[in-house]
Amino acid sequence: MVSKSRITLLTDNNAAPGLHAEHGFSALVETPNGRLLFDTGPNSESLEANAVALGCRLSGLDAIILSHGHADHSGGLAFILRLNPQALLYLHPAAAEPKYIHEPGRPIRSIGMSKAGVAAIRAHRSRVQWTRQPTPVLEGLTSTGPIARTIEPPPGPPIFFLDPACRVPDPMVDDQALAIETAQGSVALLGCAHAGLANSLQAIQAIAPARPIAAVIGGLHLSHAKPEAWEAAAGLLLCSGVKIVAPCHCTGPAAIARFAERLGARLADAAVGVCYDWEPA
């Protein structure tokens with residue numbers, strides 16, 4: 001458990017005035033046991049600019065975690081690795097595989113990690129920690145590793161693929177979340193929750209079974225989902241007893257609006273520049 005912690009959003013689709021909004025995600029996690037960056041946003045420029053504006057040091061990190069290998073979460077990786085020569089990098093091996101998206105009515109696009117990011121992983125392989133299972137990162141902070149799909153994720157057409165012809169669906173085995181154990185309960189930090197919100201929360205709960213999930217922060221991948229998926233997610237969060245929900249990035253404004261109706265005061269602001277603090281009980 002950590003005695004206190006702070007999570008600062010450095011990249012998100014929304015931003016406070018004077019900060020850069022980007023389609024992507026990055027969060028700085030600071031505890032007495034160390035500092036880590038969870039995802040690196042789509043590029044280093046806006047990540048660095050936001051960090052400077054907020055007075056957040058991107059150097060001196062103990063760890064870097066990639067929730068998965070999509071470009072909007074890994075674009076600043078090469079920069080962050082250069083800036084932190086001692087930091088360990090936590091990711092699943094599949095995160096560096098080619099990845100593509102084929103949305104209805106739109107051309108096929110490559111959305112995988114950049115060549116620079118893949119090259120940086122190879123160049124710093126001695127620092128890489130492959131998260132093939134739940135993996136401790138710092139004291140009180142644990143990566144879930146691959147999230148089992150024991151509960152059906154929200155339904156929807158497959159749009160993510162491993163090949164440029166989009167014939168091989170991407171099972172997204174690289175999707176992982178971070179559990180932060182605080183005195184108030186576990187904080188679930190999610191990149192996109194590609195494994196499904198229910199599965200992701202189950203994986204977080206498994207890390208500290210006796211500890212309730214106090215907060216959920218991050219992308220919930222509901223921007224293209226149907227209203228029934230928003231309802232299911234809101235119902236799950238209510239039933240889980242989560243006290244703070246900060247939906248970011250790929251959650252989508254329509255889903256967030258529905259959350260505001262269902263979750264009330266449990267819904268927290270989410271934008272670049274917002275900080276979430278947990279103090280001793």
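We did not get these values from a lab; they are worked out from the coordinates using the rules stated. As the structure is a computational prediction, the values presented were derived from the model and not from experiment. When we count neighbours, we look across all protein chains shown, and the Cβ atoms used for this are built from the backbone with ideal geometry, even at glycine.
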* Asked: What ranking do 160-173, 59-72 get when scored by the average of other Cβ atoms within 10 Å per residue, highest first?
  -> 59-72, 160-173
* Structure fact -> So, over other residues within a Cβ distance under 9 Å of Leu138, counting Lys, Arg +1 and Asp, Glu -1, the net charge is -1
* Relative contact order for the chain, counting Cα pairs under 8 Å that sit 6 or more residues apart, in percent -> 20 percent
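Sort 128-138, 214-224 by packing, meaning the average of other beta carbons within 10 Å per residue, with the highest value first.
Ranking, from highest mean packing down: 214-224, 128-138.
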* Structure fact -> In this structure, the FRET efficiency calculated for Ile111 and Val168 from their beta-carbon separation, with R0 = 25 Å, to the nearest 0.05, is 0.95
* In the chain, what percentage of the DSSP-assigned beta bridges are antiparallel, given to the nearest 5? -> 60 percent
* **Between the range 167-225 and the range 235-264, the Cα center-to-center distance that results, in Å** => 14 Å
* Can you check what the net charge comes to around Cys56, using other residues whose Cβ is under 11 Å from the Cβ of Cys56 (Lys, Arg +1; Asp, Glu -1)? => +1
* Structure fact -> Listed by chain and number, the lysines with an alpha carbon less than 16 angstrom from that of Lys99, same-chain partners under 8 positions apart left out, are Lys115
* Correct choice for Cα extents along the principal axes in Å that was computed from the model, options (1) 46, 44, 39; (2) 68, 37, 33; (3) 55, 40, 33 -> (1)
* To do: Using Cα positions and a limit of under 23 Å, work out the lysines in reach of Lys243, with same-chain residues fewer than 8 apart set aside.
  => Lys4
* To do: Just order 140-150, 230-240 by mean Cβ neighbour count inside 10 Å, highest at the front, would you?
  => 140-150, 230-240
* Structure fact -> Summed over the other residues with a beta carbon less than 12 angstrom from that of Asp170, with K and R at +1 and D and E at -1, the charge totals -2
